[in-house]
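The values are calculated or read from the model by the stated rules, or taken from the named source; none is laboratory data. Computed from a predicted structure; not experimentally measured. Cβ sites come from the backbone with ideal geometry, for glycine too, and all protein chains shown count toward neighbours. Side chains are part of the model used for accessible areas, which takes the heavy atoms of the whole protein and leaves out ligands, DNA and RNA. Shrake-Rupley method; radii C 1.70, N 1.55, O 1.52, S 1.80 Å.
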Amino acid sequence: MSAVKSPSSWVVGAAGLAIGGLIALRLLIPSGMDPTVFLALGDDSPVQTNYAQRFLDEVRTRRDLGHDGRFFFVQANDPWLLQPDENAAVLDRPVYRSQRMLFPLIAGGLGAFPPGVVVWSMLITNLLAMGIGALVAAQLALRWGASPWLGLAVPLNIGLIFELDIGGAGIVAYTFALAGLLALVATRVWFASLLFAAAALSREVMVGFAVGVFVLWWLEGRRSIWRIVLMPVVGMAVWNVYLRFRLDGVPGVGERTENFTAPFVGLYEAFESWVRNPGELLLNSVLVLVVIAFVPLALRSRSPIAWGALPFAALMVVLSAEVLRESYNFSRAVVPVFTALPFLIMAPRHDPSPAGIGRLSGERP
């Protein structure tokens, strides 16, 4: 009797794309196939809603402030900040929003797409990133002796599902991070560094993934692959200088974010909110338990995908209540954990010796 042949990573990638498409249709069909539903415009955020209405015939709004998609639509219309008084001025915190530049740059066709195309390309970019992320994760699983179907831990990641729902940049950011890890495992260190930089320029906190991977390589006695951390930091710094030059004089440039607080304060304040909503209490309690369970498993492992996720587990302790209060924000903040955990459970244990980690990176001991 012949053995069952494992599916190609390309099949897994196609399945990931199909899963993303089905999730998107869940919103598109009730909205009459109107892609503006993914702009996450809110009834309580008239500035961004009115901006979108200037370019689009009709827009779908949500009965709240809305979410990230409304800002990325503005950025995709002017990704190089060439007309900041007309576009960036619509953002609530121009510097904070504009530092996440790569997703709107891609979705905006490097600035060439008109708004009517951007509204579709934002969705298409995220769907393609879902499929590519599944493909890359499948290739990592195969390299580590596991089933390529583990790649579906990308499109089934609860945080990435929420990212798709709100038109966020997290799918693109995490896919670049996984691609950077795959390049590193294949000993293409400079290429890996560029991919990690792309991840950080999509979502700045993704530099933590590169830091976690770097720490694992360093602890195992290998050479310091400092480039995978330095390149993202340099990339973010250069872009930050450019955007501050372009945004000089735009209102709101000096406003700070409220994403972080003292350790455990955000969790405590968020819990006070969760208990008033049984649904949020249940889901967020599960998220907390998953993150807590993940930490010791990851620390005992020598899995790079898990060590890349460890900084995000630590991040949970210092996140503000504003982030932790809602499950869609909470899950997005610790996205790498929900893909790494299935790898820890279902992939074979990695060799914890320096020689073993050398084989993971393709280096000779």
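Work out the length of the dipole vector of the chain about its Cα centre, built from +1 on the beta-carbon of each Lys and Arg and -1 on the beta-carbon of each Asp and Glu, and round it to the nearest 20 debye.
1460 debye
Applying a 10 Å radius around every beta-carbon, put 178-188, 60-70 in order of their mean neighbour count, most first.
178-188, 60-70
Quote the convex hull volume per residue of the chain, based on C-alpha atoms, as a whole number of Å³.
149 Å³
Under the rule of at least 5 residues apart or a separate chain, name every residue whose amide H is placed under 5 Å from the amide H of PHE260.
SER320
Take the alpha carbon gyration tensor of segment 117-205, find the square roots of its eigenvalues, order them as a ≥ b ≥ c, and report rounded if a/c is under 1.5; if not, report prolate when a/b exceeds b/c, else oblate.
Judged from the Cα gyration tensor, segment 117-205 comes out oblate (a/c at least 1.5, b/c at or above a/b).
Using just the alpha carbons, could you tell me how many Å³ per residue the convex hull of segment 1-94 encloses?
It comes to 147 Å³ per residue, whole-number rounded.
Determine the shape class of segment 139-274: with a ≥ b ≥ c the square roots of the Cα gyration tensor eigenvalues, call it rounded for a/c under 1.5, and otherwise prolate if a/b is greater than b/c, oblate otherwise.
Verdict is oblate for segment 139-274.
Apply the Karplus curve 6.51 cos²θ - 1.76 cosθ + 1.60, θ = phi - 60°, to the phi angles in segment 308-325 and return the couplings in whole Hz, x for Gly and Pro.
x, 8, 4, x, 6, 5, 5, 4, 3, 5, 10, 6, 6, 4, 4, 7, 7, 4
Would you work out what percent of the accessible area of the chain, with all protein chains in place, is carbon or sulfur (probe 1.4 Å)?
Here carbon and sulfur together make up 65 percent of the probe-accessible area.
From the backbone phi of segment 265-276, what are the Karplus-calculated ³J(HN,Hα) couplings (6.51 cos²θ - 1.76 cosθ + 1.60, θ = phi - 60°) in whole Hz, Gly and Pro given as x?
5, x, 4, 5, 5, 5, 4, 4, 7, 4, 5, 8
Considering amide H positions built from the backbone, and no H for Pro or chain starts, which residues 5 or more places from ARG62, or on another chain, come under 5 Å of its amide H?
LEU41, GLY42, ASP43
Using only Cα atoms, locate the centre of segment 42-60 and the centre of segment 150-192, then give the distance between them in Å, rounded to an integer.
If we compute the Cα centre of each part, the gap is 30 Å.
Send over a whole-number figure in Å² for the accessible area per residue of segment 183-242, probe 1.4 Å.
Ligands and nucleic acids excluded, the result is 41 Å² per residue.
Per-residue ellipticity at 222 nm for the chain, helices alone: DSSP H runs ≥ 4 residues times -39500 (n - 2.57), over residue total, nearest 500 deg cm²/dmol?
Roughly -19500 deg cm²/dmol at 222 nm, from the helical runs in the chain.
Any idea of the accessible area per residue across segment 23-132, 1.4 Å probe, to the nearest Å²?
Each residue of segment 23-132 exposes 43 Å² on average to a 1.4 Å probe.
Taking only Cα atoms, what is the 0 to 90° angle, nearest 10, from helix 189-202's long axis to the longest principal axis of the chain?
Between the helix axis and the principal axis of the chain, the angle is about 30 degrees.
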